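> Here it is, the structure in full.
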Amino acid sequence: MDFLSSQQRDTKRNFRLEIRALERYIQRLEFQISKVEELYETYCIQWRLCQGVVNMKKAFSLSPSSRASRESLLELNQNHHHSHMRSSAIS
């Protein structure tokens, strides 16, 4: 009887240890998921900004050419290039 009782205690203790290990593993997974979600949100923002720049470049290139529009287009091209380089460095 003592042997069975001892085995039952050991089984319960091992079960609790396994549960704690699984809980820690789940916490690590949840943390990693939150990091992936943050990266995805950042990617979506960068993508929308990039699409906005592309649309502005199209609009400036289709508008009548003036010194101001050429300067704006040049600035857009430079900023788009720099932001693209930064977003590439982030990923």
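The values are calculated or read from the model by the stated rules, or taken from the named source; none is laboratory data. In this text the structure is predicted, and so the values were computed from the model without any measurement. Every residue, glycine among them, receives a Cβ derived from its backbone with ideal geometry; neighbour counts consider all protein chains shown. These area figures cover heavy atoms from the full protein model, side chains too; ligands, DNA and RNA do not enter into them. Shrake-Rupley method; radii C 1.70, N 1.55, O 1.52, S 1.80 Å.
> How many angstrom separate the Cα center of region 11-26 from the Cα center of region 52-72?
Region 11-26 and region 52-72 have Cα centres separated by 62 Å.
> Treating the angle as unsigned and between 0 and 90°, give the value, to the nearest 10°, between the Cα long axis of helix 2-62 and the longest Cα principal axis of the chain.
So the helix axis and the longest Cα principal axis differ by about 0 degrees.
> Let me test this: with uniform point scatterers at the alpha carbons of the chain, what is the Debye-based log₁₀ I(q)/I(0) at q = 0.21 1/Å?
-1.00
> While we're looking at this one, here's another question. How do Ile19, Ile33 stack up against each other in accessible area, from largest to smallest, with a 1.4 angstrom probe? Don't jump to the answer; show the numbers that get you there.
Details: Ile19 65, Ile33 95 Å².
Most to least solvent-accessible, the answer reads Ile33, Ile19.
> Given points 7 Å out from each Cα along the Cα-Cβ axis, report the Tyr40 to Ser61 separation in nanometres with one decimal.
Result: 3.2 nm between the two label points.
> Report the label-to-label distance for Leu74 and Ser6 in nanometres (one decimal), using points 7 Å from each Cα along the Cα→Cβ vector.
For the pair Leu74/Ser6, the computed spacing is 8.9 nm.
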